[in-house]
Amino acid sequence: MAKQLAARYSTLIRDLPSSERPRERLQQVGASNLSTMELLAIVLRVGSSRESALAQANRIMARFQGLPGLARASFAELCAEHGVGEAKAAQMLAALELGKRLLAAQPEERPTVTSPRDVGNLLSAMALLEQEHLRVIMLNTRNHVMAVREIYHGNVNSAVVRIAEVFRDPIRDACTAIILVHNHPSGDPTPSPDDIALTAQIYEAGKLLSIELLDHVIIGNTYFSLKEHRLGFPAS
């Protein structure tokens, strides 16, 4: 699977079937059904002599560890990336700023998470990280995303992740539900016993704090929902 993705991203976009080209896919299925990397590739428009726009988007998302990191990047940092330059850096920063202003103007239009697929799309760039990272998606009563916070990176397991760190921001911001997300750099999203144990601990702690753990999603070459498989969650 990883080799197939690498081949797809390194292929020139004009050589891809029309059904796989980001702009054509946007026209056919709508922007909301495109991955973050595909949307970024559209913003970039073209790649370089070494890589396609998809490959460039893939690399940039990995370099800045997803959209939150990209949004914090400076103009100079973006310009320093191979094949970016001032025009592409300006395009990316402008697109990110428009998104921020839209959320500020219409808080009710924040992304909504209703399924593991939504989580996979929202944090797809985590599949590119070389270490395990644990993040928390904070949600309001309508499942609108209030924020995404990184809690830990390294070896994500129940022995090293502090429960208090997981709930610190959700308590402060009065969110009603959270979703745990972490990645497996190997590409295999199958949960380990530690993943299941951590899920159970967070679920029980959430009950005491009146903050519901809706799911724990592992991202690799695809995504795995522990809630769907009833791992770490009570049987219905």
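Screening the candidates G83, G69 for the property of being modelled with pLDDT under 90, farther than 30 Å from N140 by Cα and surrounded by fewer than 19 Cβ atoms within 10 Å (Cβ to Cβ) yields one hit, G83. I'd like to know if the stretch 20-29 contains one or more residues that are assigned to a helix (DSSP H, G or I), at pLDDT 90 or above, of a type outside the set (G, A, S) and at negative phi. Within the stretch 20-29, none of the residues are assigned to a helix (DSSP H, G or I), at pLDDT 90 or above, of a type outside the set (G, A, S) and at negative phi. Against the list (1) in contact (Cβ under 8 Å) with a residue 60 or more places away in the chain; (2) farther than 10 Å from P116 by Cβ, the condition L209 fails is (1).
Only one entry in L70, L129, L139 is of a type outside the set (S, T, Y), closer than 29 Å to C175 by Cα, in contact with a Leu (Cβ under 8 Å, 6 or more places away or on another chain) and in the same structural domain as D195 (by TED's automatic domain parsing), namely L139. In the stretch 159-176, the qualifying residues are those that are surrounded by fewer than 20 Cβ atoms within 10 Å (Cβ to Cβ) and in contact (Cβ under 8 Å) with a residue 40 or more places away in the chain, and the one that is farthest from I218 (Cα to Cα) is I171. Just one of the numbered conditions (1) surrounded by fewer than 17 Cβ atoms within 10 Å (Cβ to Cβ); (2) assigned to a helix (DSSP H, G or I); (3) among the charged types (D, E, K, R) is not true of R50: (2).
With respect to Q65, is the statement that it is among the polar types (S, T, N, Q) and assigned to a helix (DSSP H, G or I) true? In short, no.
Please determine whether any residue of the stretch 145-155 is farther than 28 Å from R72 by Cα, among the hydroxyl-bearing types (S, T, Y) and in contact with an Asp or Glu (Cβ under 9 Å, 6 or more places away or on another chain).
Of the residues in the stretch 145-155, the ones farther than 28 Å from R72 by Cα are none.
For the stretch 145-155, residues farther than 28 Å from R72 by Cα, among the hydroxyl-bearing types (S, T, Y) and in contact with an Asp or Glu (Cβ under 9 Å, 6 or more places away or on another chain): absent.
Taking the conditions exactly as written (surrounded by fewer than 18 Cβ atoms within 10 Å (Cβ to Cβ) and assigned to a loop (DSSP other than H, G, I, E, B)), does V156 satisfy them or not?
Details: surrounded by fewer than 18 Cβ atoms within 10 Å (Cβ to Cβ): no; assigned to a loop (DSSP other than H, G, I, E, B): yes.
No: the conditions fail for V156.
Here T141 qualifies as exposed (fewer than 14 other Cβ atoms within 10 Å of the Cβ) and polar (S, T, N, Q). Cβ separations smaller than 8 Å between residues 6+ apart or across chains give the following pairs from the stretch 177-190 residues that are farther than 10 Å from Y223 by Cα and in the same structural domain as V161 (by TED's automatic domain parsing) to residues that are crowded, with 21+ Cβ neighbours inside 10 Å and hydroxyl-bearing (S, T, Y): L180/T199.
The values are calculated or read from the model by the stated rules, or taken from the named source; none is laboratory data. Owing to the predicted nature of the structure, the values given are computational and were not obtained by experimental measurement. No Cβ is skipped: glycine too gets one built from the backbone with ideal geometry, and neighbour counts run over all protein chains shown.
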